[in-house]
Amino acid sequence: MVFSFIVVTACEDDEVIGSVNLSMRNWGNGGTELYMSGSDYLYVDNANNFTFSGQGEIYSLGQVSGLHEVDYIPENNGGWVKRVAAYPGGGYVVRNKVWDGDYENYHYVYMRVYVYDYIESVEGGILGVRITYQMPFVS
């Protein structure tokens, strides 16, 4: 007798195609810079906030269960900011303005981010955050 079995498994966020895991240390502990385009980058400041240099902005979607739930690009309704708290379980969309040859025409490049944990010191202080991100992101 011959038996065949098919096993199906479900994958969580670390399996989102094109996503990358990154440990981002805050500015006071080594300052990891995540570049989007040109010289503009996302970083974690000393107060453990995501902060964007240059023309970039961040939109917090609040608590989500993973990168797969960061599945849309928010409208231009005033929720885009330069700095926002970075905390485990938080979902974010990040955008950066890219100029199309002159200062009147531009488009945005998007990235989605999910924070899955803090980086903690042996003493319990926060050194930064561990993220999963996907760039470019098109919803």
Suppose we keep only residues that are modelled with pLDDT under 95 and more than 16 Å from P136 (Cα to Cα) within segment 48-57. Which one would you say is surrounded by the fewest Cβ atoms within 10 Å (Cβ to Cβ)? G54
Just the residues that are modelled with pLDDT under 90, out of contact with any Gly (no Cβ under 7 Å at 6 or more places or on another chain) and closer than 18 Å to E57 by Cβ, please, taken from segment 15-39. S37, G38
Going residue by residue through segment 36-49, is there one that turns out to be among the charged types (D, E, K, R), closer than 22 Å to G128 by Cβ and over 12 Å from the mean Cα position of the chain (by Cα)? yes
Write out, first by first residue and then by second, each pair whose Cβ atoms fall under 6 Å of each other, whose residues are 6+ apart or on separate chains, and whose first residue, in segment 58-76, is under 18 Å from L22 (Cβ atoms) and surrounded by 17 or more Cβ atoms within 10 Å (Cβ to Cβ) while the second is modelled with pLDDT of 95 or more and charged (D, E, K, R). V70/R112
If you take the residues in segment 21-47 that are among the polar types (S, T, N, Q) and without any contact (Cβ under 8 Å) to a residue 24 or more places away in the chain, which one is surrounded by the most Cβ atoms within 10 Å (Cβ to Cβ)? N46
Over segment 77-105, the set of residues hydrophobic (A, V, I, L, M, F, W, C) and either in contact (Cβ under 8 Å) with a residue 12 or more places away in the chain or exposed (fewer than 13 other Cβ atoms within 10 Å of the Cβ) (or both) is W80, V81, V84, A85, A86, V93, V94, V98
Could you check G124 against (1) modelled with pLDDT of 95 or more; (2) assigned to a loop (DSSP other than H, G, I, E, B); (3) closer than 27 Å to N46 by Cβ and say which number it fails? (1)
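The values are calculated or read from the model by the stated rules, or taken from the named source; none is laboratory data. What you are looking at is a predicted structure, and each value in this text was computed from that prediction instead of being measured. Every residue, glycine as well, gets a Cβ built from its backbone with ideal geometry; the counts of neighbours run over all protein chains shown.
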